[in-house]
Every structure is written in structure tokens, then in C-alpha cells.
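The values are calculated or read from the model by the stated rules, or taken from the named source; none is laboratory data. Note that the structure is predicted; figures quoted are calculated from it, not measured. FYI the Cβ positions are ideal-geometry reconstructions off the backbone, even for glycines, and counts take in every protein chain you see. Quick note on the areas: whole protein, heavy atoms, side chains included, nothing else; ligands and nucleic acids left out. Shrake-Rupley method; radii C 1.70, N 1.55, O 1.52, S 1.80 Å.
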Amino acid sequence: MCGIFGYRGKDLQLVYLLEGLKKLEYRGYDSCGVIAYNLGKFLCKKNSGKIEELKESLTDKLNNKYSSALLHTRWATHGKPIKLNAHPHKSSKKNIHVVHNGIIENYLELKKKLKKKGYKFKSDTDSEITANLIASFYKGSIEEAVFSAVKKLKGAFALGVLSEFEPDKIIAVRHKSPLLIGAAAEGFFLASDLPAIVSLAKEAVYLKEKQIAVLSAEKIKLYDFNGKRAKVNKEKINIKTVSTNKKGFKHFMLKEIYQQPKVLRDTLDIYTKNNQINFGQLKLTKKYLKGVKNIFITACGTAFHAAHVTKYFLERHTNIKVEIDTSSEFRYRDFNVNKGDLFIAISQSGETADTLAALKKAKKRKAKILSICNVIGSSLARESDSFIYTPAGPEIGVASTKAYTTQLMCLYLFCLHLATIKNTISKTNKNNILKELFKIPLYQKKILRQNKKIAMIAKKFSKAGCFLFLGRGINFPSALEGALKLKEISYIPAEGYPAGEMKHGPIALIDEYRAVVCIAPMDDLHEKMVSNLQEIKARRGKILAIINPADAEIPSFSNQIIYIPKLKFQEISPLLVVVALQLFAYSVAKNLGAEIDQPRNLAKSVTVE
Ligand code: M6R
């Protein structure tokens, strides 16, 4: 998604500023641009394509120094990914430059009005209207013009504004799209995302909803949308610098798949003490958890699959009613969340617009909010009553891998914690599941060691025109996740289905050209999966089975097999199944020469609806 990076302070080289923008690359983008100022001179350049290309087009200016700057990566929503639609956008009168993240919902209506006033538009974007709108209010003070303009805008917008008449000020606006300021010795850095500034600043000012910041060389002034001054709270940044090193791996995705045993070990270390679950920092009291009757869980994409696994696990071990939905549905549903219910939001980035909106809705209804998130200073973490940090470390590959298994591990531990408090699980059962959770990193390593074999299997399946992923029970979400991983990085149509539903439609797809991935560990639904496999075999479908080594039945029906270690508690097998599915998806995509870390059209952090 779009990324904003800005600067106001002592003179800094352009090359340094572009490095800042590069830290936002992982979010996914298609074009980029910069406006920078120093000593009476402006530099304005935009390009479709990557920051590296923008940098090449500015070779002779890279060592030039600038004291005010706005930079942007654009992920197209309105209008094609071409230079004309890239940011910054400049007003057609009064020389105001704007970078924008979000979506302006009433842009057509505003555009019409501004055209009548003589303003011209060059792009197809919704963003360009913000520049002309601010210009239409400009009477000599850029902040006053911004105060007036924001009141007319509907939708989500984080803005960076620079006026050619007052280039010693950078204006920042936050409304439903995150924005923060890093305070450093040389000046202030503006960013839509914490990773962009962690290596640059030690303190951050997180803009609140409907706040406007005016950055001068020495000062930050904060205002609300009515122009009333607000207090500036600087907070220490305590996350580590984002590593952009692939450490010998061909792609970040592969590196992140391989990091899973380590980050799951870290997760267990953080949330256990003397081999017992320990959520000491959790702000949800035992008294509250004992009484909780309803749980709602929301998330998007892969994180939603973690919600799905959690529902199965919680229903087995507690007497709590669990409802799950994707955040984009939850936010518009009349779901029956009430005071005292627990609302869990899961997100890698903590900035996903739909998840934040669903959370806010639940908050309004006085539910207790628990977030499971990989970014400590994120909007999600800050909006929640309580927060479980997933120590996956920064995830750069757009396809989520280690963040997912870390979410799962945190959620398994949290569910066991809850079941213990509610007395719905025996001590022995809990301890045995916990013991097996401790073995997961080791078992994952066993799967990773099969990488070469999985790559060979992937070669045989790479030409399949479409995939069906089937699973049952707690591995139905694994089927959804396997299909999502494959389609997002290989672009092969893939569908995840509960195997029991196959006869109700998807079976029509099966013939000798279709591939079916069957997830069938030896659990209490194994026999049902065996029947499904026979039905697929009878229709000559190509079967890839994910099974346990002890399975005596399935190998005879399968074209290819990936073995995963057999667990005593198969309910935690999603932590293993998914590693095999990730490696499979990765190898298929690699065979097809796809852009694995930044697949087309996708963004790492989906900050618009
Ligand atoms: O940052 P979040 O976890 O909230 O993101 C949710 C989804 O956008 C994300 O999981 C997406 O589906 C990934 N590309 C999946 O690999």
C-alpha cells in the first residue's frame, strides 16, 4: 500500500531521504515520487516503477542537500500505475504539493466544484483533489488552508503537505490512515509506518485520529481538525531496525519460512515460565477471563485463518461461544457484541484498515479488546485494552508465513491459559498439549529438511491449471491458507474447501488436469479424508497428500506425498501442515518465475478499505 516518508530539519542528502522511502518498499507499490526543497530551489520528480529507477533518474542530484521533503510510494487504487498518477500531486494554482495515503470517498463531487472554480486536474487519482482543495483555501497560511480543507474531505487520508510559498513547513494530517513523526537530532521524519524511521529516530510522536502536525526545523506543533492546539507526546521507540538482509536465501519469503522454528521457540520462551503458560503482562484479569462467555475474533487474509484455527481449538477446550469473521464483513455487520464480551483482533502489521474499523466498532459497544499483533507501536496495539505481541520479527515477504505460525502459537497458548482459568481443561491435558507445543520447532525443522523433495514435487505440479486444497476440522483453515499462499505468489487459481463439502460442488472441477492437495493427518477425521481421496482418485485428479508417516492407506491413492511428523494432539498440526504448504507454494511460484516477495497487485500492509 501507499507509503509516506517526509523530512523537515537540517540539510540532508537526497540519497539519504530515498533510503528512508526504501524502508517502505516492503508494503508493495507501483510508482513513487519526491518533492524536496532547499535554499530557494525545488526538486520534483516522479516515476512509475521502483525507487531504484527514481534514484537512477536523479543520479546528478543524489548528493544535493534538502531541508524539507515529501516522498511517496503509490499502490494504485484510482487510476493506472503511471507517472501521471504518482505522488506528489501539485495544485494547479498556488503551488501546493501533497502526498496522500488512503481513499478520498467524495473526490468526484469535490473535483466538480473545484473545476468550476478553475482548478485543473492532470491525473485520474482521488488524491490530486487534496492539493487543489487546500489551494482553494490558501490565503497565506498553509496550516489554515489545511484546517479548512480537511473538514471537506470524506474517507481515509494521511497527508503530507508542502507549499512552495512556505517551504520551511511540512504539514501532516492523520484521518483513518496512520502517520507518525520520528524526532531525531537532525530534525523530524514523517512516516506512514514505524519501520521507516526506527533506524533514524529514537522517539516518535504518533498522530491521533483527526490531528494535524506542523513541522518546522525545531518544533512540532499539533492541532485538532478545528485548529485547537494539542499536546505533543514523544514516545521512546523500542523496536529493532528492520533487517533487509536475505541472509543467503533467494527470497525473503524463503528466509521467513526457515525462521519459523526460531521465532516459535522465542514465542514459547516469552509466554511460558518453568514450562507453564505465563501471560504476566496481559491486561485481562483472571476474574474477567473466568466470566467471559462470548468471544469474537476478526482478521483479514492469513491472519483470518489463524482466527479460524483458534475457533476450533477454543470450542474444543472451553464452553465459550466463538464467532469469527473477516474484518471487512464484521465492520458492516450487526454482530451482537456486547459489554464484557472479548473481541480479539489479529494482524501482522497492526495497520489493516478493515481490522481497525471492526475493532473500533466493538470498542464502541464496550467489548474488551485483545489484539494479537507483530508491531508494538502499531495502531491496532495502541487501540486495544490488551495486547499479545507476536515476536516473529519484521516480515518482509508480502506472503505471510512466520507471522501466521507465531500468531497461531500465541493463540494456542492463550486458549490454554483461558481454558485453565475457566477450568474446562484438565491439568494433565493442558500440560501434555503444552509439551507438544514445545516440540513444534523441532518438527518444523524436519519438514524444512524436506525442502528439496518438496521442490521436486512442486515441479510436477507447477503446470496444473487450478488447485483445490481440502482439509477437515482444524485443518480446514490450513486448506484455506494453502490455497491463499499458492494463489498470491504463483497466480494459479486455487480454492480451499472443507473436504466434506466437496460433493456439494467442487467435485465437478476434478479431472486428470486438476491438482488436489489433501491435508489428512491421522486425526479423528482421517477416515473421512480417506473416502474423499478415493473419490478424487476415481475421477483421475492429481493428488498431493500431506500425511503422517504411519499412514498405511493414503499413499496408495496419492500421486505425491509430503510427510509431516505425527502428533499426539493433532489439533496443533496446523503449525506443521502450513510449513509444508508454504514450501510447496514457494517452489511452484519459483518454477513459474513469479515475483515472490512482492507479488503483483498485493500490498504488505492494507491500510485502505
Ligand atoms: O497485516 P495483516 O495481518 O492485518 O494483513 C492481513 C492480510 O492482508 C494478509 O494476511 C494477507 O492476506 C497476506 N498477503 C497473506 O499472505
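A few comments on the model shown:
- Residues of region 380-391 satisfying the condition of being open to solvent by less than 10 Å² (accessible area, probe 1.4 Å) and either within 14 Å of the ligand (Cβ to nearest atom) or out of contact with any Leu (no Cβ under 6 Å at 6 or more places or on another chain) (or both): 380, 388, 390
- Test: residue in region 300-310 that is within 12 Å of the ligand (Cβ to nearest atom) and out of contact with any Asp or Glu (no Cβ under 9 Å at 6 or more places or on another chain): yes
- Selected residue (criterion: nearest to the ligand (Cβ to nearest atom)) from residues of region 313-336 that are outside any helix (DSSP H, G or I) and among the acidic types (Asp, Glu): 325
- Contacts under 8 angstrom Cβ, first residue in region 146-167 being in the same structural domain as residue 132 (by TED's automatic domain parsing), partner open to solvent by 20 Å² or more (accessible area, probe 1.4 Å) and among the acidic types (Asp, Glu), 6 or more apart: 154/105; 155/105; 156/609
- The selection criterion, being surrounded by 15 or more Cβ atoms within 10 Å (Cβ to Cβ), hydrophobic (A, V, I, L, M, F, W, C), within 24 Å of residue 437 (Cβ to Cβ) and within 16 Å of the ligand (Cβ to nearest atom), holds for residue 257.
- Test result for residue 47, polar (S, T, N, Q) and open to solvent by 40 Å² or more (accessible area, probe 1.4 Å): no
- Residues (more than 29 Å from residue 256 (Cα to Cα) and part of a loop (DSSP other than H, G, I, E, B)) located in region 14-50: 39, 40
- Tally of residues being away from the ligand (no atom under 14 Å from the Cβ), crowded, with 21+ Cβ neighbours inside 10 Å and assigned to a loop (DSSP other than H, G, I, E, B) across region 342-369: 1
- Selection count, region 455-480, where residues are in contact with a Ser or Thr (Cβ under 6 Å, 6 or more places away or on another chain) and either under 15 Å from residue 559 (Cα atoms) or part of a helix (DSSP H, G or I) (or both): 2
- Among residues of region 185-218, those that are open to solvent by less than 30 Å² (accessible area, probe 1.4 Å) and in a strand (DSSP E or B), counted: 12
- Single residue of region 506-525 satisfying the filter (in contact (Cβ under 8 Å) with a residue 40 or more places away in the chain and open to solvent by 80 Å² or more (accessible area, probe 1.4 Å)) that is nearest to residue 577 (Cα to Cα): 524
- Among the candidates 603, 580, residue that is of a type in the set (A, V, I, L, M, F, W, C) and within 30 Å of residue 105 (Cα to Cα): 603
- Filtering 592, 581 for residues that are under 25 Å from residue 264 (Cα atoms) and not assigned by TED's automatic domain parsing to the domain that holds residue 174 leaves a single hit, 581.
- Here residue 382 clears all of (1) under 22 Å from residue 176 (Cα atoms); (2) assigned to a loop (DSSP other than H, G, I, E, B); (3) not polar (S, T, N, Q) except the condition numbered (2).
- When residue 528 is tested against (1) open to solvent by 10 Å² or more (accessible area, probe 1.4 Å); (2) not assigned by TED's automatic domain parsing to the domain that holds residue 482, exactly one condition is not met: (2).
- Qualifying residue in region 59-69 (condition: open to solvent by 10 Å² or more (accessible area, probe 1.4 Å), closer than 22 Å to residue 222 by Cβ and out of contact with any Gly (no Cβ under 6 Å at 6 or more places or on another chain)): yes
- Of all residues in region 548-582, exactly one satisfies the criterion of being open to solvent by less than 10 Å² (accessible area, probe 1.4 Å), farther than 25 Å from residue 535 by Cα and not in a helix (DSSP H, G or I), namely 567.
- Candidate set: region 402-447, residues that are within 16 Å of the ligand (Cβ to nearest atom) and not hydrophobic (A, V, I, L, M, F, W, C); chosen: the one farthest from residue 293 (Cα to Cα): 402
- Residues being touching a Pro at 6+ places or on another chain (Cβ under 8 Å) and surrounded by fewer than 17 Cβ atoms within 10 Å (Cβ to Cβ) are entirely absent from region 291-306.
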